[in-house]
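Each remark here refers to the structure printed beneath this line.
Values quoted throughout were computed directly from the atomic coordinates according to the rules given, and no laboratory measurement underlies them. Since the model is a prediction, treat every value here as computed from it, not as a measurement. A quick note on method: Cβ atoms are made from the backbone with ideal geometry, for glycine too, and the neighbour counts reach across all protein chains shown.
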Amino acid sequence: TVGAVACDAQGNLAAATSTGGMTAKAPGRIGDTPIIGAGTYADNKTCAVSGTGHGEVFIRFTAAAEIAARMRHAGESLETAATHVVMEDLGKNDGSGGLIAVDAQGHIVMPFNCEGMYRGMVNENADFETFIY
Amino acid sequence: MTRFSLAVHGGAGTINKATLTPELEVRYHEGLRTALRAGHAILKDGGSAMDAVTAAVCALEDEPLFNAGRGAVFTSEGVQEMDAAVMDGKTREAGAVGGIFGPRNPILAARAVMESTEHVMLIGPNALQVARNADLPFEEAPYFFTQSRWDALQSTLAMRATGQVDDDPARRHG
């Protein structure tokens, strides 16, 4: 699975996620990637999210929408909300994996609860950073 | 200076130190940077977040190292089924495709669903028809084939055939 989230100069957010699924998956099996609110979500009032991991659990816990809800209803920061969803909701329920997310102020978070995640980020200062572990 | 930011991921998984050679490590970093450059070029010119994330994911789909597009894994029947989605935070419009094969960049097929239909998600032949109507490029099976993904399928099937437990959580990652 691959994905991207962005906050543009107008403060608009967007998310995009694409996947081949899981090796040897059952024909017709769909994971969280194309399920809006699970593996892909964007709303200018809260955040944009792109996930990667054990799709069935991301779907059942509506991972991306849960982060937005915690921000909208509990007033949590993106960092607090995303970390809780990944480390608690997903991490403690066989939902290994992670996600990238950005809020309307351009703050980026990339929590994951598994061994490694391929990820990168850049901002207006052209600080290109990539991490693979 | 206008503020903007972009993040990308190439998936989560157990990074096998034994197979992660220095050369491969460089290729992974380069694959991620190519995606960042594609999105950054749009944002720095005042372009939209939707255009930036679409361009970044196209770059990742074109890189066989990552499990999407050209690097997609195989199902238990030895074929590839791809899923993709986009969502625009400004309008909350969204587009998604599931279980498709053919468009070089499934993310563009998802965006075509968002921009040219009233639906959020399409599967099956009509999802492909929407992609064709949007003049998206299609590719044949050899374009999407990678030996490493085919080998991963064979080893997974062999493991299942012997009843061995597949305890690597990363194998369930997209």
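Candidates in the range B:93-119 are the residues that are over 21 Å from B:ALA52 (Cβ atoms) and hydrophobic (A, V, I, L, M, F, W, C); of these, the one that is surrounded by the fewest Cβ atoms within 10 Å (Cβ to Cβ) is B:PHE101.
Selection of the range A:18-37 for residues being part of a loop (DSSP other than H, G, I, E, B), among the aliphatic types (A, V, I, L, M) and facing another protein chain (nearest Cβ under 7 Å) yields A:MET22, A:ALA24, A:ALA26, A:ILE30. Screening the range B:122-136 for residues that are touching a residue at least 12 places away in the same chain (Cβ under 8 Å) and part of a helix (DSSP H, G or I) and picking the one that is nearest to A:ILE30 (Cα to Cα) gives B:GLY124.
With respect to B:ALA152, is the statement that it is out of contact with any strand residue (DSSP E or B) (no Cβ under 9 Å at 6 or more places or on another chain) and surrounded by fewer than 13 Cβ atoms within 10 Å (Cβ to Cβ) true? Considered against the rule, which asks whether it is out of contact with any strand residue (DSSP E or B) (no Cβ under 9 Å at 6 or more places or on another chain) and surrounded by fewer than 13 Cβ atoms within 10 Å (Cβ to Cβ), B:ALA152 comes out as no. Taking the criterion of being β-branched (Val, Ile, Thr) and over 18 Å from the mean Cα position of the chain (by Cα), the residues of the range B:23-56 that qualify are B:VAL26, B:ILE42. Here the range A:1-12 is the region considered, the condition is being surrounded by fewer than 24 Cβ atoms within 10 Å (Cβ to Cβ) and of a type in the set (Gly, Ala, Ser), and the residue that is nearest to the other protein chains (Cβ to nearest Cβ) is A:ALA9. You will find that of A:ALA42, A:ALA15, A:ALA63, A:ALA48, the residue that is buried (at least 21 other Cβ atoms within 10 Å of the Cβ), among the aliphatic types (A, V, I, L, M), more than 8 Å from chain B (Cβ to nearest Cβ) and touching a residue at least 24 places away in the same chain (Cβ under 8 Å) is A:ALA63 and no other. Of the listed requirements (1) under 11 Å from B:ALA12 (Cα atoms); (2) surrounded by 24 or more Cβ atoms within 10 Å (Cβ to Cβ), A:ASN113 misses just one: (2).
The set of residues from the range A:112-129 being farther than 14 Å from B:GLY39 by Cα and more than 16 Å from the chain's Cα centre (by Cα) comprises just one member, A:GLU115. Restricting A:GLY31, A:GLY75 to residues that are among the small types (Gly, Ala, Ser) and farther than 23 Å from B:TYR28 by Cβ narrows the list to A:GLY75.
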